[in-house]
Amino acid sequence: MIQHGIRFTLKPGVTQEQREEALESLREQGRTIPSVTSFVVGRDYGGEYEWGATFEIEDLDGYWEYLIHPAHLRTDRIGLPLVDRFASFDITDDLSPDFGERIAALHQRRYDSIPDISELVSDLGEYKGSAAPGPHGD
């Protein structure tokens, strides 16, 4: 089991309408991506970010499905341009010592195969976590 999470802070000047569209797009991922078994989207409390989401996924095959699903790509395309600071994390009960490397490899594969998403991630003000360093190894 994998709990994939993101935390983010929006750029100054993002409108309420833009924010709500991006948050609703995250919720739509949870509702429509078959490999997502549960999800939460909302305010992030107790940290340095404003918003967050977690998606429960059964395994790495499902994680890949999640990464390339049209609902996830739509969220990236409408949401990432609004984001200033972004962090991703993954929690798993799989004790394989290379599990983190396999997750990072899936993200890199996605960056390599979907250039516009790679560019959007590269343009973030701050990007850290399980999917970092990002498409260009920054």
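Each value in this text was obtained by applying a stated rule to the coordinates, not by laboratory testing. Just so you know, these numbers come straight off a predicted model, no measurement behind them. We place every Cβ from the backbone using ideal geometry, glycine too, and count neighbours over all the protein chains shown.
Return one number: the angle in degrees, 0 to 90 and rounded to the nearest 10, between the long axis of the Cα atoms of helix 99-113 and the longest principal axis of the Cα atoms of the chain. Result, in degrees: 60.
For P(r) over Cα pairs in 10 Å bins from 0, in percent, computed directly from the structure shown, the correct entry in (1) 10, 31, 33, 20, 6, 0; (2) 12, 39, 32, 14, 2; (3) 12, 46, 37, 5, 0 is (3).
Using Cα-Cα distances under 8 Å and only pairs 6 or more residues apart, what relative contact order does the chain have, in percent? The partial results should precede the final answer.
Working: 223 pairs, mean separation 41.1, N = 138.
30 percent.
Summing -39500 (n - 2.57) over the DSSP H runs of n ≥ 4 in the chain and dividing by its residue number, what mean residue ellipticity at 222 nm do you reach, to the nearest 500 deg cm²/dmol?
Helix-only estimate at 222 nm: -13000 deg cm²/dmol.
For segment 39-118, the calculated P(r) over all alpha carbon pairs, in 5 Å bins from 0 to the bin holding the longest distance, is 3, 11, 21, 26, 20, 15, 3, 0 percent. Note on ASP59 and ARG109: the model spin-label points, each 7 Å out from Cα along the C-beta direction, lie 1.4 nm apart. Close amide H pairs (under 5 Å, H built 1.01 Å from N) link SER130 with SER88, PHE89, ASP90, residues at least 5 positions away or on another chain. Residues whose amide H lies under 5 Å from that of ASP44, counting only those 5 or more places away or on a different chain, are TRP51, GLY52; hydrogens are built 1.01 Å from N in the peptide plane.
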